[in-house]
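Structure first, then comments.
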There are 2 protein chains.
Amino acid sequence: MSWVERELREQPTALARFLDRERDDVRARAPALVERDVRYLLIASRGSSGNAARYAQYLFGAFNQLPVAFSTPSLYTLYDAPPKLDGALAIAISQSGESPDVVSVLAEATRQGRPTVAITNECESPLTRHADWVLPLHAGHERAVAATKTYLNSIAAVALLSAALAGDDTRIAAIDAMPDAVEAQVERSLAASPTLDRYAGADGGVVVARGLNLATAFEIALKIRELSGIPFEPFSSADLLHGPIAALLPGRPVLVVAPSGPTVASIRESLGKLRERGASIVAISDDERVLRAADVALPLARTVPEWLSPLLTVIPGQAAALRLATLRGGDLDRPAGLTKVTLTR
Amino acid sequence: MSWVERELREQPTALARFLDRERDDVRARAPALVERDVRYLLIASRGSSGNAARYAQYLFGAFNQLPVAFSTPSLYTLYDAPPKLDGALAIAISQSGESPDVVSVLAEATRQGRPTVAITNECESPLTRHADWVLPLHAGHERAVAATKTYLNSIAAVALLSAALAGDDTRIAAIDAMPDAVEAQVERSLAASPTLDRYAGADGGVVVARGLNLATAFEIALKIRELSGIPFEPFSSADLLHGPIAALLPGRPVLVVAPSGPTVASIRESLGKLRERGASIVAISDDERVLRAADVALPLARTVPEWLSPLLTVIPGQAAALRLATLRGGDLDRPAGLTKVTLTR
């Protein structure tokens, strides 16, 4: 079995471990983070961690009323012109903790006296030297280039931080129920992935979502692209009528991420336009109408609160990426010569 | 002649008109914008205007020390959970001023008592009812679906606002010199575009940049995709070693946007990796070493300060999109059934 499949299957255990070890500490420490005149969050990240940051953007906005800005690392490195960070709580998300440009953002925030948090899987990394608080992911060593369990634990860390900042024990309890749901989802998704075999020869595809699951769309597209080499692209369904729709060629798969909740009606409406373009629709959903309207239905194993749905919806996408990559051959653990850690300045 | 070509050619005139009509007003009014405890900018936009917002993110960061957050319109519409905007200056960029979700962000900022600016080509639009200050683009009516002159004037408006906020008359004078440079660039780029004919059959491509010209990479990729239907994708050269590099198939064109300045060395270094992947390199640059290393050189007509280079670098991309679309046939002014204004909530 490839490392990526092993790590995909480890996700329920890795998630439970993270929650067991960090829940109480996060609940106790989070409220103090926003005491120092915090008006917004500044998040530094790249790759899959950048997709976790997209989840944070919607979650902290909706549940903590905090706007989220993404850092522009080159301002800190190439341009040597960092912005003034008054009002910012700086958060870095990096599984390796090694990306120099992500490190430089946290270092600058520290220099300016702003509170800093590092969410990372490596507690002894350059990043952690610049953080007031290191929130470890406890995902265990991840060997495959394609992140699975570190992504899942990163979004769980974001969810826990958001609930703890708000002092909301009901939401923390809902997170505690997720390892079981993730376990059911992993089994279901691995079992369902052969229904995607018809797309093994596809030369492109699209993943569509909105709101909190835009992160999922980006992460699934990245996963399919990394593992299988098929150029999948993520889009907000709200942008479909701008230029991006030109990518929807007849017969190409469109993965639609549509868990029940505030965005499902908006996404359901866009199904008609996707059909008109001749797209082949793959639905990741627990909404019966969406699933019935799809060419391939990838049902969610459980219905969970929409804000937690990204912990489930990414899994059918991971399983799809694994399946398509297996059918197309290649090295699953080190696809296309990619490296796990990038050392960009 | 198609409308899009006519409008591409109109850009020097449209830019000069915008500067003539707005320069003095912007210089006088901008400083007051940040008087009300502004810690960061919140920008709402979609499509090409969203690419202008990317330019703003780097420009205001580097020259005004102001971090920039992009709004998440669905929080204001679908989720009905807008963030608290304390410390924000809210800016909407929308050529039509009609996108309901962009309007909703400005309306909410007004409701929360925050300063608001609308940068738009339509002074009588829903957007302008929610703005303290309407900054008109004066681009003239744009008939083609693919934005050209409204994009150029949008980034000019961002440049002018940044210089005026800083009270920097030297930078304002540099902007005033741009219509001539844009005119030279339009001529040069239209003349050079037949060198791209070898890519008319391409089934994909990539546009790479970093920093201020990341906006350009996004806009060129969108333009080529909209007009020609060829799926081009934008990437930061810093992300090339993450999953996206899988899109670099041998023989596919990679447009490299590399004006001289703080990012050119970083991009020059990535040329080797692009070569290893067998990419065919098209360079938009005024750097001799970058141009010599390319398979197709698209030289810039002038060397301008790097912060203003996006007003030139986009033009070879617009001309490339026009050329590729012409060679592949189709309706240049209404490609692939796209509509100019999207009315997403």
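The values are calculated or read from the model by the stated rules, or taken from the named source; none is laboratory data. What you are looking at is a predicted structure, and each value in this text was computed from that prediction instead of being measured. Positions of Cβ are backbone-derived with ideal geometry, glycine not excepted, and every protein chain shown enters the neighbour counts. Note: accessible area is taken over every heavy atom of the protein model, side chains too, but ligands, DNA and RNA are not part of it. Shrake-Rupley method; radii C 1.70, N 1.55, O 1.52, S 1.80 Å.
The table that follows gives values for the structure above.
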read-out: Answer from B:Ala139, B:Ala118 - the residue that is outside any loop (DSSP other than H, G, I, E, B), open to solvent by less than 40 Å² (accessible area, probe 1.4 Å) and small (Gly, Ala, Ser); value: B:Ala118
read-out: Flag if B:Pro126 is surrounded by fewer than 21 Cβ atoms within 10 Å (Cβ to Cβ), touching a residue at least 40 places away in the same chain (Cβ under 8 Å) and either farther than 19 Å from B:Ala157 by Cα or among the acidic types (Asp, Glu) (or both); value: no
read-out: Number of positions in the range A:82-104 that are of a type in the set (A, V, I, L, M, F, W, C), within 21 Å of B:Asp239 (Cβ to Cβ) and in contact with a helix residue (DSSP H, G or I) (Cβ under 6 Å, 6 or more places away or on another chain); value: 4
read-out: Unmet criterion (only one of (1) open to solvent by less than 40 Å² (accessible area, probe 1.4 Å); (2) more than 21 Å from B:Asp203 (Cα to Cα); (3) more than 14 Å from chain A (Cβ to nearest Cβ)) for B:Ser280; value: (2)
read-out: Matching entry among B:Pro259, B:Pro234, B:Pro299 (being within 14 Å of chain A (Cβ to nearest Cβ) and open to solvent by 20 Å² or more (accessible area, probe 1.4 Å)); value: B:Pro234
read-out: Number of positions in the range B:86-98 that are more than 7 Å from chain A (Cβ to nearest Cβ) and surrounded by fewer than 24 Cβ atoms within 10 Å (Cβ to Cβ); value: 2
read-out: Enumerated helices (runs of 4 or more DSSP H) restricted to the range B:169-246, each holding at least 2 residues that are closer than 21 Å to B:Pro305 by Cα and touching a Ser or Thr at 6+ places or on another chain (Cβ under 7 Å); value: B:214-228
read-out: The range B:51-66 residues that are over 16 Å from A:Phe70 (Cβ atoms) and part of a helix (DSSP H, G or I), paired with ones that are open to solvent by less than 10 Å² (accessible area, probe 1.4 Å) and of a type in the set (S, T, N, Q) (beta carbon under 8 Å, 6 or more apart); value: B:Ala52/B:Ser154; B:Phe63/B:Ser162; B:Asn64/B:Ser162
read-out: Every residue from the range A:24-47 that is within 8 Å of chain B (Cβ to nearest Cβ), open to solvent by 10 Å² or more (accessible area, probe 1.4 Å) and in contact with a Gly (Cβ under 9 Å, 6 or more places away or on another chain); value: A:Arg39, A:Gly47
read-out: Of all residues making up the range A:1-49, the number that are in a strand (DSSP E or B) and touching a Ser or Thr at 6+ places or on another chain (Cβ under 8 Å); value: 3
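Here's the yes/no breakdown for (1) under 20 Å from A:Ser309 (Cβ atoms); (2) more than 10 Å from chain B (Cβ to nearest Cβ); (3) touching a helix residue (DSSP H, G or I) at 6+ places or on another chain (Cβ under 7 Å); (4) buried (at least 24 other Cβ atoms within 10 Å of the Cβ):
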site	(1), (2), (3), (4)
A:Arg9	no, yes, yes, no
A:Phe18	yes, yes, yes, yes
A:Arg21	no, yes, no, no
A:Ala53	yes, yes, no, yes
A:Ala56	yes, yes, yes, yes
